[in-house]
Amino acid sequence: MKTKSERIRQILALGPVVPVLAFDDVDDAIETSRALVAGGLPVIEITLRTPVALKCISAVAKHVDGAVVGAGTVLNRAMMKDCVSAGAQFLVSPGATIDLIDGLRKIDIPLLPGVCTPSEAMGLYAEGIDTLKFFPAEQSGGAGFLKSLAPVLPEILFCPTGGINAKTAPDYLKLPNVACVGGSWVAPAGMIADKDWDGITKLAAEAVALG
Ligand SMILES: O=C[C@H](O)COP(=O)(O)O
Ligand SMILES: CC(=O)C(=O)O
């Protein structure tokens, strides 16, 4: 059986971009996820920022062939458990708390916790967590910050997220310590509201070409 570290690294290797999404409607979640998978981005992060988020995770896990669905904005152990029950295959949090790290030991899916300092990254690495979200990426020093960490923390792999777009993503993707980037630009809220599924597929395909 693969370790959690192996599993999250395998998931993040499936494409150069993890779309970070928030939905108010379950059908929108299904159609957006289908559009992203069709464009070549199978890994989908549905954030727990709306009341229907858990239902969306369940629906995408059940009904979207080829999707690997995870939960974002997981802030505590209770949310972790709910996401596992909903069928999430991985979890993402903006930071890391003792509650989350303790909770992680009791579940079978990986967590991608957020950090924005070397000390936070070193602390999690000491706990056996070697794959981290760099959040909020653009606001915390961007690609230059991660480039500086590569020689000193070479075992840690990052998924930078926060303020990244198609123009800035390549600066991150060329770094040796970046697995992929996260971002909402591949499925903007306006396109979801307009049900522009073909447009989202096109954005996803353009994002794939960045990697
Ligand atoms: O999870 C982090 C951010 O919400 C991603 O969204 P953004 O790409 O619009 O910054
Ligand atoms: C921002 C972030 O890390 C999350 O929504 O999971």
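Computed values, structure above
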{"read-out": "Whole-percent carbon and sulfur share, accessible surface of region 4-200, 1.4 Å", "value": "55"}
{"read-out": "Cα centroid separation - region 110-153 against region 1-77, whole Å", "value": "22"}
{"read-out": "By accessible area with a 1.4 Å probe, ligands and nucleic acids excluded, highest first: order of GLU127, GLU138", "value": "GLU127, GLU138"}
{"read-out": "Violating pairs (Cα-Cα greater than 32 angstrom) within the set LYS81/LYS133; LYS106/LYS195; LYS55/LYS174; LYS55/LYS147", "value": "LYS106/LYS195; LYS55/LYS174; LYS55/LYS147"}
{"read-out": "For region 43-99: accessible area per residue (Å², 1.4 Å)", "value": "42"}
{"read-out": "Length released on extending from GLN10 to ASP198, taking residue separation times 0.36 nm less the Cα-Cα span", "value": "64.9 nm"}
{"read-out": "Contour excess over end-to-end distance, with Cα ends at MET122 and ASP108 and 0.36 nm allotted per residue", "value": "2.7 nm"}
{"read-out": "Distant-in-sequence amide H partners of VAL18 (H built 1.01 Å from N, under 5 Å)", "value": "VAL181, GLY182, GLY183"}
{"read-out": "Within region 25-60, trypsin sites (Lys or Arg not before Pro) in DSSP loop having at most 16 other beta-carbon neighbours inside 10 Å", "value": "ARG49"}
{"read-out": "Two-site label geometry, ASP25 and ASN76: point separation in nm, points 7 Å out along Cα→Cβ", "value": "3.2"}
{"read-out": "Nonlocal amide H pairs with VAL68, under 5 Å, H built at 1.01 Å", "value": "VAL43, ILE44"}
{"read-out": "Ellipsoid semi-axes in whole angstrom, largest first, where each is sqrt(5λ) of the Cα gyration tensor of region 4-200", "value": "25, 20, 13"}
{"read-out": "Region 4-200, relative contact order in percent, only Cα pairs under 8 angstrom and at least six apart counted", "value": "21"}
{"read-out": "5 angstrom amide H check on VAL178, placed H, neighbours 5+ away", "value": "PHE158"}
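The values are calculated or read from the model by the stated rules, or taken from the named source; none is laboratory data. Since the structure is predicted, the reported quantities are computational estimates derived from the model, not experimental observations. As a convention, Cβ positions derive from the backbone with ideal geometry for all residues, glycine included, and neighbour counts pool all protein chains shown. Each accessible area value is taken on the protein alone, full model and side chains, heavy atoms only, with ligands, DNA and RNA left out. Shrake-Rupley method; radii C 1.70, N 1.55, O 1.52, S 1.80 Å.
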